[in-house]
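Derivation of every value follows stated rules applied to the coordinates shown; laboratory data play no part. In this text the structure is predicted, and so the values were computed from the model without any measurement. Counting neighbours? That spans all protein chains shown, and the Cβs are built from the backbone with ideal geometry, glycine included.
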Amino acid sequence: MPRGRPGRIATQIADRLRGKGKTSFTPHVDTGDFVVVINAEKIAVTGKSSSRRSTTSTPAIPAASASGTLQEQLNRQPTEVLRKAVKGMLPRNKLGAAQLTKLKIYAGPEHPHVAQEPTTLEV
């Protein structure tokens, strides 16, 4: 995956997960493909938005909530930044949850899905 903006990449991933490029697309049926994203660590945020945007994590324990900038989140967990961006573009129901399980994100170039012979999608 080339260096790109998370929102632009997430839009194309969400369209693939929903199956919008297929002629058999129906909004209430899960007709999408599995998507494997590699090299998520190479995602870059342009301009000053990496230092201005703040992220907040609220786990089950309220005292353990964490906040920081987007750049800190990209350094710590680059896969979660992309996963949250894609999740926001999917339907907010059981169908969206099922489509999100078809998304596999890996920080490096190695992934365990070689046997499925994935095709390359240039973003």
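Among the residues of the range 85-96, just one is part of a helix (DSSP H, G or I) and loosely packed, with under 15 Cβ neighbours inside 10 Å, namely Lys94.
Restricting attention to the range 38-76, the residues that are among the charged types (D, E, K, R), touching a strand residue (DSSP E or B) at 6+ places or on another chain (Cβ under 8 Å) and assigned to a loop (DSSP other than H, G, I, E, B) total 1.
I need the full set of residues from the range 28-67 which are exposed (fewer than 12 other Cβ atoms within 10 Å of the Cβ) and either of a type in the set (D, E, K, R) or more than 29 Å from Leu95 (Cβ to Cβ) (or both), in order please.
Within the range 28-67, Thr46, Gly47, Lys48, Arg52, Ser54, Ile61, Pro62, Ala63, Ala64, Ser65, Ser67 qualify.
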